[in-house]
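Reading through the structure tokens given below for one structure.
The values are calculated or read from the model by the stated rules, or taken from the named source; none is laboratory data. This one's a predicted model, so the numbers in the text were calculated from it and none came from an experiment. Cβ placement follows ideal geometry from the backbone for every residue including glycine, while neighbour counts extend to all protein chains displayed. Accessible surface is based on the protein model in full, side chains and every heavy atom, while ligands, DNA and RNA are left aside. Shrake-Rupley method; radii C 1.70, N 1.55, O 1.52, S 1.80 Å.
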Amino acid sequence: MAENKVRKGFTTYLFVLLLLIVTAFLIVIVVMLFSPFKNILGLKYYSYNFDKIITNASGGQPITLETISDINFDCNSATIEIIRDTNVDNGGVRIENYSTGFATASANTDFDYKVYYTDSNSVLNIEVDEPDGFLKFSNNISITLIVAAKIDYALENTKININNTSGSVLIGNANRLEQNEEEIGISSVLDINNIHITKSGGEVQFRSQLENNFDNIFISTSGSVISNVDNLRVNNSFTINSREGKFNFKKVSFVGQDTENVNISLNIVDGDFDADALSGNIDLNLRGGYFDVNKVEGSVIANNTLSQMKGAKIEIGTVNGNISLPYANSSNVHILEMTQDSQAYIHSTSGNVKIDALRGKAWIETTSGDVNIHSYNDDLEIKTTSGDINVIYEADTINKELYFYSNSGKIDVKVKSNLAFILRIYGNDNKYRDDSKIDFQLQDKSFANPLTINNGTKYLTINTDGRVYIGLVNLI
């Protein structure tokens, strides 16, 4: 009985002790909340309520945007916004800080900013030092570059350089500014010359109220990029460097003169890239990510031996240009249509290759991946070790030769009834085959190897030990 009383007393003691600890902790928290920046038990609470529009740089010089060649942003996780607005007469910078949180006593929770000129007042620098907390209740810090709505200048001769980590970057107004009689000629459109953004995360957003002409766009981020501009037109270069970001564009068009060199560089590695249309030659570095574009006017080239694909997925609607994927490896490639002057060279291992409508030339090689091609024109060569080959050749002539090779996979070829050619079927020993694994469905007469059909002179050559089916295209 005495033992039970001891246990109950000890439990009560622990409960009271825990209650005292919790009460003391809550008291410390309350004191911190009412005494920001005070060091209590090695911790401090910080809280800011700051909002200021700056129209003069340090030294008193007015922010006159027409004379500025470069604007440099340097911050950490602050949101950066570039807009037109009616709150300034020419140019200004609005800095807001409503951040709150806890930090260690030794952490720097100071908030500071600098807006100053360099290079004979031709470069405007905007720097913001943000509080460093381990527990952030609110990280509402923003830097807004304001272009006056009533001035003609729209940053068309200015390069924007942005260096931050995880904060969002919002470029342009989301909607047009409302016009009224007192604000005749007001405009919300910006026409920025160059954009250079380097950040580790967060979002970059091109808003709808942007002119569609840029000289250069460079973005390095593992965050996301969203464009609401109907057509981003780029004169010199469009570059994205990323490890795992997500990218969504409507249309990007290269309109420069140097069309022989690569001008759209997508170094997206394991990222996801989605666009309605790309116009220009594309240098693609994709490892395990996703590339999905509805229409490509130009070539897609992934020839970098050091950045080979591994498990990527490529989906392209229409290609009016060339496809070069010599290191597709285990990646799957699906193209809806390649136009008449297009060419495809794809080499993969276990990845599957599918082209729904091929109107140009193609050379496809896989190890175990399957190949499915619907061709309407020109020459075609497909090789695979153990994968299956399925070809519909819906053309009236063969220009040079159709060649299909598989070590052990099944080969299924369908042609039009009027196609003229010489059919040759070899085994892996390079001898003519005539066995039960050949299913010949072109005509009633017995199959012979080689066989001339419709007095043709061009070759349809098949080389495999696997099953072979030769049939007719089912035309509607």
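So the values come out like this:
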quantity	calculated
Of 313/458; 416/437; 251/414; 251/416, pairs whose Cα-Cα distance is over 30 Å	313/458; 251/414; 251/416
Coarse-grained scattering of the chain at q = 0.06, 0.07, 0.09, 0.10 Å⁻¹, given as base-10 log I(q)/I(0) from a Debye sum over alpha-carbon atoms	-0.47, -0.58, -0.76, -0.84
Whole-number percent relative contact order across the chain, with pairs defined as alpha carbons under 8 Å at least 6 apart	7
Accessible area per residue, Å², the chain with all protein chains present, probe 1.4 Å	48
Set of region 202-244 residues, backbone N closer than 16 Å to the point 7 Å along the Cα-Cβ line of residue 118	none
Nearest-0.05 FRET efficiency for residue 56 and residue 135, computed from C-beta distance (R0 30 Å)	0.25
Among beta bridges that DSSP assigns inside the chain, antiparallel share in %, nearest 5	20
Share antiparallel - DSSP beta bridges, region 346-476, percent rounded to 5	10
Residue 64-residue 186 FRET efficiency (beta carbon distance; Förster radius 30 Å; 0.05 resolution)	0.95
Gained length - residue 218 relative to residue 274, 0.36 nm times residue gap less alpha-carbon distance	18.4 nm
Region 77-103-region 229-243 distance, computed between alpha-carbon centres (Å)	26
Mean Cβ count within 10 Å, highest first, over the residues of peptides 427-435, 137-145, 114-122	137-145, 114-122, 427-435
Label-point separation, residue 211 to residue 174 (7 Å along Cα→Cβ), nm	2.5
In nm, spacing of pseudo-spin labels at residue 255 and residue 198 (7 Å Cα→C-beta vector)	2.9
Share of alpha-carbon pairs per 10 Å distance bin for region 88-193, given as whole %	11, 36, 29, 18, 5, 0
Accessible area of the chain belonging to carbon and sulfur atoms, whole % at 1.4 Å probe	47
Length released on extending from residue 407 to residue 336, taking residue separation times 0.36 nm less the Cα-Cα span	22.8 nm
Separation of the residue 452 and residue 244 label points, Cα + 7 Å toward Cβ, nm	6.3
